[in-house]
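What follows draws every value from the coordinates through simple rules; no lab data is involved. Everything quoted here is computed from the prediction, not taken from an experiment. Here Cβ is always computed from backbone atoms with ideal geometry, including for glycine, and neighbour counts include all displayed protein chains.
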Amino acid sequence: MIYFAYGSNMNASRMSARNINFTSRQFAKLAGYKLVFNKKAKDGDFAYANIMPSDKDIVEGVLYEFPDTEIVTIDRAEGFPRHYDKVEIVVTDKKGNSIEATTYVAQADKIVNELLPLRKYLKHLLAGKDVLTPAYFEKLSKTETL
């Protein structure tokens, strides 16, 4: 399974804590999308990460490879299919190779604009610093939080 993480799963420790036995973890970018925080949390008035189509933007993230059977663990963590849907996308690695991957997009009825993420949540995204470009990390670190 090849999985593109753009939210809290960029944190390798979080993935390990969820018993995801990934065999590789590397940079990838998704063109034609932007990162937004508009997926309403099920337990409060704050937001989680989501991606939305945007011709002029890109989303950086972490590309993981792990056994196919382990996706069910991430499905549960992401609230699939009630909260997020699984979609197939094409990302680009550092060498410019196109790679097909699975990612999650918030269900339309779970999107609420004008919410902010918790600082604690954003720290999981910032844990991807070792993989992200410095410019993207800097932009991400300036995200307004609760």
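Only one of the numbered conditions (1) closer than 23 Å to ALA31 by Cβ; (2) in contact with a helix residue (DSSP H, G or I) (Cβ under 8 Å, 6 or more places away or on another chain) is violated by ILE111, and that is (2). Candidates in segment 87-96 are the residues that are of a type in the set (A, V, I, L, M, F, W, C) and over 22 Å from ALA41 (Cα atoms); of these, the one that is surrounded by the fewest Cβ atoms within 10 Å (Cβ to Cβ) is VAL90.
Yes or no: ASN97 among the polar types (S, T, N, Q) and closer than 26 Å to SER141 by Cα?
Numbers: among the polar types (S, T, N, Q): yes; closer than 26 Å to SER141 by Cα: no.
Judged against the criteria, ASN97 is not a match.
Select from segment 1-60 the residues that are surrounded by 16 or more Cβ atoms within 10 Å (Cβ to Cβ) and small (Gly, Ala, Ser) and write down the one among them that is farthest from the chain's Cα centre (by Cα). Once the filter is applied, the top-ranked residue is ALA41. Scanning segment 97-119 for residues that are buried (at least 17 other Cβ atoms within 10 Å of the Cβ) and not in a helix (DSSP H, G or I) gives ALA101, THR103, TYR104, VAL105, ALA106, LEU115, PRO117.
Rundown of residues vs (1) closer than 19 Å to MET15 by Cβ; (2) out of contact with any Lys or Arg (no Cβ under 9 Å at 6 or more places or on another chain); (3) in contact (Cβ under 8 Å) with a residue 24 or more places away in the chain, yes/no style:
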| residue | (1), (2), (3) |
| --- | --- |
| GLY79 | yes, no, yes |
| ASN97 | no, yes, no |
| ARG119 | no, yes, yes |
| LEU125 | yes, yes, yes |
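Taking LEU122 as the residue in question, decide whether it is in a helix (DSSP H, G or I) and touching a Leu at 6+ places or on another chain (Cβ under 7 Å). So LEU122 fails the test.
Does LYS34 meet the test of being part of a strand (DSSP E or B) and touching a helix residue (DSSP H, G or I) at 6+ places or on another chain (Cβ under 6 Å)? Steps first, answer last, please.
Numbers: part of a strand (DSSP E or B): yes; touching a helix residue (DSSP H, G or I) at 6+ places or on another chain (Cβ under 6 Å): no.
Taking the combined requirement at face value, the residue does not satisfy it.
The residue that is farthest from the chain's Cα centre (by Cα), among those in segment 61-96 that are farther than 17 Å from GLY32 by Cα, among the acidic types (Asp, Glu) and in a strand (DSSP E or B), is GLU65. Picking from residues in segment 63-86 that are over 26 Å from ASP130 (Cβ atoms) and hydrophobic (A, V, I, L, M, F, W, C), the one that is surrounded by the most Cβ atoms within 10 Å (Cβ to Cβ) is PHE80.
Go over the candidates ASP43, ASP68, ASP55, ASP75 one by one and state the one that is free of Cβ contacts under 8 Å to residues at least 12 places away in the same chain and farther than 25 Å from ARG119 by Cβ. Outline the logic, then answer.
Numbers: ASP43 fails: farther than 25 Å from ARG119 by Cβ; ASP68 fails: free of Cβ contacts under 8 Å to residues at least 12 places away in the same chain; ASP55 fails: free of Cβ contacts under 8 Å to residues at least 12 places away in the same chain.
From the options ASP43, ASP68, ASP55, ASP75, the qualifying one is ASP75.
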